[in-house]
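What follows is one structure encoded as structure tokens, with my remarks underneath.
The values are calculated or read from the model by the stated rules, or taken from the named source; none is laboratory data. Keep in mind the model is a prediction, meaning the values are calculated, not measured. Every residue, glycine among them, receives a Cβ derived from its backbone with ideal geometry; neighbour counts consider all protein chains shown.
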Amino acid sequence: MTAASSPPLLVVGAGIAGITTALEAAEAGQEVVLVERAASVGGRVLRNHQYFPKLCPPACGMEINVRRLERNPRIRVLTQARLEGAERAGATSWRVSVRQGPEHVTAACTACGDCSKVCPALVADPVNLGLSEVPAIRIPFLDAWPRRYVIDRAACPAGCQRCADVCKAGAVALDAQERREELEVSAVVLATGWTPYPIDKLPELGGGVLADVIANVHMERLAAPSGPTGGKIARPSDGRVPRRVAFVQCAGSRDVKHLPYCSAVCCLASLKQALYVRAQQPDAAVTVYYIDRRAPGLNESMLANAAAAGVQLVKGKVGGVRQGPDGSLILRVEDVEAERVLEAEADLVVLATGMVPSLGDVPLPVRRDVDGFALDDAAARVFTAGTARRPEDVAASTRDATGAAAKALCAARSS
């Protein structure tokens, strides 16, 4: 069977891995359906301020991919959609059910912003991880695609329709209903990404207990110009600029009580974020407490860059974080090289929490490794890509996704 006559390939998840898989398969001639549960594509990559090793904004690369998506007629993108059911349709295909949420703002939206200006309801901003509030109707984030507003309908006051009244394009449909669609697909690629290990599972390190103990994902949003502070790195408790910042590596990782594995990118992410702090405050005391320094390949340059910027690296495990009497944070650290236990003070503590595969409600028989990451199942025509398969950085995810597209194409064309 040829690519033109075979059922489409289904890609679940439109982060960097899912988008890359869809583009590579479509540009090789395969029809693709790309399903994304959020209102916009891009995933967690677009929540970063910068990504390594070049320390450039992720929107640059994503803009190119979005243009490729827009121009490729072989890709159908379904946002606010999720895979609801799946069953084998013979030996060479799957029959899947996709549920798409209500389209309260239609494709007629011009993104003028009039609706958001009159909205009386505020909700915690999911993109900024709850660090700020946004109107219930809004553009999801600065570089969102599709470029249209979305509504958190549950937050709307009873009877309110101000957004619909001011919309000159008639794009607001407050009574829209969800839709279901049945599809036959030749193979499935799971690119469902990852979620951060919950910080509140680390109370001994101050996670979920102390306001000025944050996760690495929070630091990305604090440093981003589109973030809750306009890019100013500040303490959540009082808005003050921290003069002493401590990064705690392997927070919940490589720990049999939490995540037994290494998440591969945490060392690099903390080095990058340490450079964020030094760029804003050249005289700030920035310390990274680590078990091992893991910066393979060309990423080794991040260590040299951090050292040149005055970032201090201490080989030692942080055993606890508590509040000091003056509002500072006190870290209890095992300094391995000095062979002593010490206490260090900081104004802001950043926990390098790990990657957890996001596979919880996928209605497919997904094979998993010992850490819960997905495995390919060629016999079942289910393949995996990106951080659903293993912890990795953006560059590795795109390479991995290209491989997943090739494997899925081989399966589709053997039908």
From (1) in contact with a Leu (Cβ under 7 Å, 6 or more places away or on another chain); (2) within 27 Å of Arg254 (Cβ to Cβ), pick out the condition that doesn't hold for Val341. (1)
Among Gly354, Gly360, the single one that is within 27 Å of the chain's Cα centre (by Cα), closer than 23 Å to Tyr261 by Cβ and exposed (fewer than 13 other Cβ atoms within 10 Å of the Cβ) is Gly360
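Select the strands (runs of 3 or more DSSP E) contained entirely in the range 301-403, then report the ones holding at least 3 residues which are of a type in the set (Lys, Arg).
Per the criteria, 312-323.
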Can you find a residue that is in contact with a Pro (Cβ under 7 Å, 6 or more places away or on another chain) and within 21 Å of Thr79 (Cβ to Cβ) anywhere in the range 221-229? no
Considering the range 221-244 alone, what residues qualify as being of a type in the set (A, V, I, L, M) and more than 30 Å from Asp371 (Cβ to Cβ)? Ile233, Ala234, Val241
Can you tell me which residue among Phe383, Phe373 is crowded, with 24+ Cβ neighbours inside 10 Å and farther than 30 Å from Arg235 by Cβ? Phe383
Quick one: is Arg254 on the phi > 0 side of the Ramachandran plot, out of contact with any His (no Cβ under 7 Å at 6 or more places or on another chain) and without any contact (Cβ under 8 Å) to a residue 40 or more places away in the chain? yes
By residue number, the members of the range 381-407 that are over 21 Å from the mean Cα position of the chain (by Cα) and either modelled with pLDDT under 95 or at positive phi (or both) are Arg381
Given (1) within 25 Å of the chain's Cα centre (by Cα); (2) part of a loop (DSSP other than H, G, I, E, B); (3) among the small types (Gly, Ala, Ser); (4) modelled with pLDDT of 95 or more, identify the lone condition not met by Ala246. (2)
Pro102 fails exactly one of (1) buried (at least 16 other Cβ atoms within 10 Å of the Cβ); (2) at pLDDT 95 or above; (3) under 25 Å from the mean Cα position of the chain (by Cα); (4) of a type outside the set (S, T, N, Q), namely (1)
Please return the ranges of strands (runs of 3 or more DSSP E) entirely within the range 150-211 where 2 or more residues are surrounded by fewer than 22 Cβ atoms within 10 Å (Cβ to Cβ). 179-185, 194-196
